[in-house]
1. In this structure, does Lys235 turn out to be part of a loop (DSSP other than H, G, I, E, B), of a type in the set (D, E, K, R) and in contact with a Leu (Cβ under 8 Å, 6 or more places away or on another chain)?
2. Can you tell me which residue among Ala85, Ala112 is without any contact (Cβ under 8 Å) to a residue 12 or more places away in the chain and within 30 Å of Gln298 (Cβ to Cβ)?
3. Could you check region 1-52 and list, in sequence order, the residues that are closer than 14 Å to Gln67 by Cβ and among the acidic types (Asp, Glu)?
4. Can you name every residue in region 157-167 that is in contact with a helix residue (DSSP H, G or I) (Cβ under 9 Å, 6 or more places away or on another chain) and of a type in the set (Asp, Glu)?
5. List the strands (runs of 3 or more DSSP E) inside region 119-188, counting only whole elements, that have at least 3 residues being surrounded by 18 or more Cβ atoms within 10 Å (Cβ to Cβ) and modelled with pLDDT of 95 or more.
6. Suppose we filter region 288-315 for residues that are at pLDDT below 90, surrounded by fewer than 18 Cβ atoms within 10 Å (Cβ to Cβ) and not basic (Lys, Arg); how many remain?
7. Could you tell me whether Ala287 is touching a residue at least 12 places away in the same chain (Cβ under 8 Å), more than 18 Å from the chain's Cα centre (by Cα) and in the same structural domain as Gly108 (by TED's automatic domain parsing)?
Amino acid sequence: MRYANQITLKQLRALRAVAAENTISAAALQLGLTGPAVHSQLKSLEEIVGCSLLSREGSDRNAATPQGQALLDAYAEITASLDRAVHQIVALNQGQSGRVVLGVVSTGKYFAPKIVAMLQREMPGIEVSLVIGNRGETIEDLKRGAFDLCIMGRPPREPLTEEITLADHPHVLIAAHDHPLAGLPHVPRDAVLKERFVMREAGSGTRILASRFLDEIGDGQEVARVVMDSNETIKQAVMSGMGVAVISAHTVADELRTGRLVCLHVDGLPISRKWYLLSRPDRPLSAAAETVRDWIGQNTDRIFPDLKGLCPSLG
């Protein structure tokens, strides 16, 4: 293998574009280059590393090979580092100015846009970009340094983080308003285990909590399940009578308030968790990110919806 310092950002940018767009022509259009120019960048890069970086055959044509993915991961880290450097310079030069990337797990998308809107009004010089993904995706982005701050439930084991506790994050069992178990003062666990559970995909924090709850009340007993890829889809499925779901109360606050969904009262619920604001101690925050971090920590009452009275288990 030739020296890594021969690899250029243009070559890595071309690799990323082709892997994302699946064709050289589409990648060229995205980059504002000609197809031959993109092909030349890829060819030079493969000559440097001595192997193919994109699949050449079948349905996976132009998908990144393992070697190609290693370079794409490195490119993500490089661009994130460069972004941080530039944003830190801007923040130092302009004080209340700069760009902050805020990562939020998908359950938080029901309040995260409110954070951005409030910051735009109160700190217009700071640009806040929102990145939303499931727990697994968010942790991987946190490892790569893709954002400055992150809001999620239980902090990950890796990478090492500093946490600020923001608010309670209860999870409840929901059903359609006309479900046979709705309105019961207490739902027996064996009745719960007979229900079909609508669950998030693997890698979701909500999926992890729901699976643990079912293991606890059923001692590992199998239950009927159907998987949905978003909380919004789960809500619609439950309202249609497809089944019940363990879900963040913040996700269904509006539906509980209007009576479209109800909480089922089962021993062991709600599942008590917290919302945390995370940052990485090995990646110093810019002045703008510190300002956003402090503002979020001081305004939790304005950010998070009041859950009291939505169902008896929530107080």
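The values are calculated or read from the model by the stated rules, or taken from the named source; none is laboratory data. None of these values were measured; they are calculated from a predicted model. Here the Cβ is made from the backbone with ideal geometry for all residues, glycine too, and neighbour counts use every protein chain on show.
1. Considered against the rule, which asks whether it is part of a loop (DSSP other than H, G, I, E, B), of a type in the set (D, E, K, R) and in contact with a Leu (Cβ under 8 Å, 6 or more places away or on another chain), Lys235 comes out as no.
2. Ala85
3. Passing the criteria: Glu46, Glu47.
4. Matches in region 157-167: Glu158 only.
5. Correct list: 149-152, 171-176.
6. Final tally of qualifying residues: 6.
7. Judged against the criteria, Ala287 is a match.
Residue-by-condition table, conditions (1) polar (S, T, N, Q); (2) surrounded by 15 or more Cβ atoms within 10 Å (Cβ to Cβ); (3) under 23 Å from Arg99 (Cβ atoms):
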{"site": "Val227", "(1), (2), (3)": "no, no, no"}
{"site": "Val262", "(1), (2), (3)": "no, yes, no"}
{"site": "Ser272", "(1), (2), (3)": "yes, no, no"}
{"site": "Trp275", "(1), (2), (3)": "no, yes, no"}
{"site": "Asp282", "(1), (2), (3)": "no, no, yes"}
